[in-house]
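The values are calculated or read from the model by the stated rules, or taken from the named source; none is laboratory data. None of these values were measured; they are calculated from a predicted model. As a convention, Cβ positions derive from the backbone with ideal geometry for all residues, glycine included, and neighbour counts pool all protein chains shown. The protein model used for the area step is the full one, side chains on, heavy atoms only, and it has no ligands, DNA or RNA in it. Shrake-Rupley method; radii C 1.70, N 1.55, O 1.52, S 1.80 Å.
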Amino acid sequence: MTTQSAQPDLLYSEEEEALRAAVRDLLADHCDPADVIARTESGAPHDREAWKALAEGMGLAGLLVPEALGGQGATHREAAVVLEELGRAVAPVPYLTSAVVATEALLACDADDLLAELASGRRIGALAVALNIAPGGAHRTVRVEGGALHGELTGIADAAAADVLLVPAEDGGLYAVDADAVTVAAQVSLDLTRPVAKVVLDGADARRIGDAAPAVRRALRAGAGLLASEQLGLAEWSLTETVRYLKERKQFNRPVGGFQALKHRLAQLWLETVHTRAAARNAADALAGGSADADVAVALAQAYAAPVAVRAAEEALQLHAGIGMTWEHPVHLYLKRAKADSIAYGTAGSHREALAGLVDLQAP
């Protein structure tokens, strides 16, 4: 007699739906599209008030942190729901970089004090690894001389908002560095809601908190897996807003959405978005349960979600016609975030290559 492995339950629980509703309500108050656009023009894109409401008011910064360390003791499934809503609002908050990536790195280290601070939302963390690096990929390190760090790292997401940086060094250690001890210089970024920066360390005081290799790999894997949920939120917003607009916009005295060619394009986009939801939920569930297939689930989710999010945003811009090309309409925020996300934590191509190796389907 053979037994079949239990299939994961990828449906949203009542608690997850309640969390979604609460986060969506909060973002409706804090992340109005016009305000987000204005913030990207201000030179200070991060919304500190929205972050404070999410992190301190709702306790969402500590979802992945055990209760014994001051967190919520939740799982990646709940964090994924939050990221779906943040993607839907293109919220300029460092949730993915601090509450997921930096937090996962700390969970692999001996730094309970830092974990508690990040979980409370009092401090923001950033892993000093370039945003484009895939799980297991090679990344730059800095020198250690007399207990101080020297070097330069580029492409660090949300470094400008961070209070503490987690820096991998040549000696194999991961070091915690106060942001005040380094120089952070903004770099040109397509996505102005998640800016990247160059971090220069010139004799910065640091504390070794653990081994860099396992911590960085764990952090980037969680980042890539849960990024798919953000991409799902981007795609869902693009599809929903486009359908709404095409129902209202008229041409030849009939709704544009009634034209068969557009119906076919929207139907295809809906199908791809549904598939993205399945892949993103599977990755979150695998990470939450510590599944042996988590690497496969993450690679599959990123290989599929990244191009779908980009295509959804491109379709939204094109089908909104003239108004979609204006700066005042928020669709450009979604296209830029989708494009930037498509190279974050590894491209779709790199994840397809990793997936082929994981399931032993190497090219001839």
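Restricting the search to segment 187-220, which residues are of a type in the set (Gly, Ala, Ser), within 22 Å of Val298 (Cβ to Cβ) and surrounded by fewer than 17 Cβ atoms within 10 Å (Cβ to Cβ)?
Within segment 187-220, Ala213 is the sole residue that qualifies.
Could you tell me whether Val308 is touching a His at 6+ places or on another chain (Cβ under 8 Å) and either at pLDDT below 95 or of a type outside the set (D, E, K, R) (or both)?
It is true that Val308 is touching a His at 6+ places or on another chain (Cβ under 8 Å) and either at pLDDT below 95 or of a type outside the set (D, E, K, R) (or both).
Name the residue, out of Glu248, Glu236, Glu230, Glu272, that is modelled with pLDDT under 95, within 19 Å of Ala316 (Cβ to Cβ) and among the acidic types (Asp, Glu).
Matching residue, one of Glu248, Glu236, Glu230, Glu272: Glu248.
Does Ala34 meet the test of being modelled with pLDDT of 95 or more and small (Gly, Ala, Ser)?
For Ala34, the condition - modelled with pLDDT of 95 or more and small (Gly, Ala, Ser) - is not met.
Out of segment 148-162, which residues are more than 25 Å from Ile343 (Cα to Cα) and either touching a Leu at 6+ places or on another chain (Cβ under 7 Å) or outside any strand (DSSP E or B) (or both)?
Passing the criteria: Leu149, His150.
Between a first residue in segment 32-59 that is of a type in the set (Asp, Glu) and a second residue that is assigned to a helix (DSSP H, G or I) and open to solvent by less than 10 Å² (accessible area, probe 1.4 Å), which pairs have beta carbons less than 8 Å apart while being 6 or more apart in sequence or on different chains?
Close Cβ pairs (under 8 Å, with a partner that is assigned to a helix (DSSP H, G or I) and open to solvent by less than 10 Å² (accessible area, probe 1.4 Å)) amount to Asp47/Val36.
Can you tell me how many residues in segment 262-282 are surrounded by 16 or more Cβ atoms within 10 Å (Cβ to Cβ) and either in contact with a strand residue (DSSP E or B) (Cβ under 7 Å, 6 or more places away or on another chain) or farther than 16 Å from Thr240 by Cα (or both)?
Selection size over segment 262-282: 4.
Which numbered condition in (1) open to solvent by 10 Å² or more (accessible area, probe 1.4 Å); (2) touching a helix residue (DSSP H, G or I) at 6+ places or on another chain (Cβ under 9 Å); (3) not in a loop (DSSP other than H, G, I, E, B) is the only one that Asp35 fails?
The number of the failed condition is (2).
Taking helices (runs of 4 or more DSSP H) that fall entirely within segment 73-122, which contain at least 1 residues that are open to solvent by less than 10 Å² (accessible area, probe 1.4 Å), within 20 Å of Ala297 (Cβ to Cβ) and among the acidic types (Asp, Glu)?
Working: elements: 76-89, 103-107, 112-120.
Those helices (runs of 4 or more DSSP H) span 76-89, 103-107.
Within segment 163-189, count every residue that is outside any strand (DSSP E or B) and not acidic (Asp, Glu).
Of the residues in that region, 7 qualify.
Looking only at residues that are modelled with pLDDT of 95 or more and open to solvent by 10 Å² or more (accessible area, probe 1.4 Å) in segment 287-305, which one is nearest to Leu239 (Cα to Cα)?
Here the answer is Tyr304.
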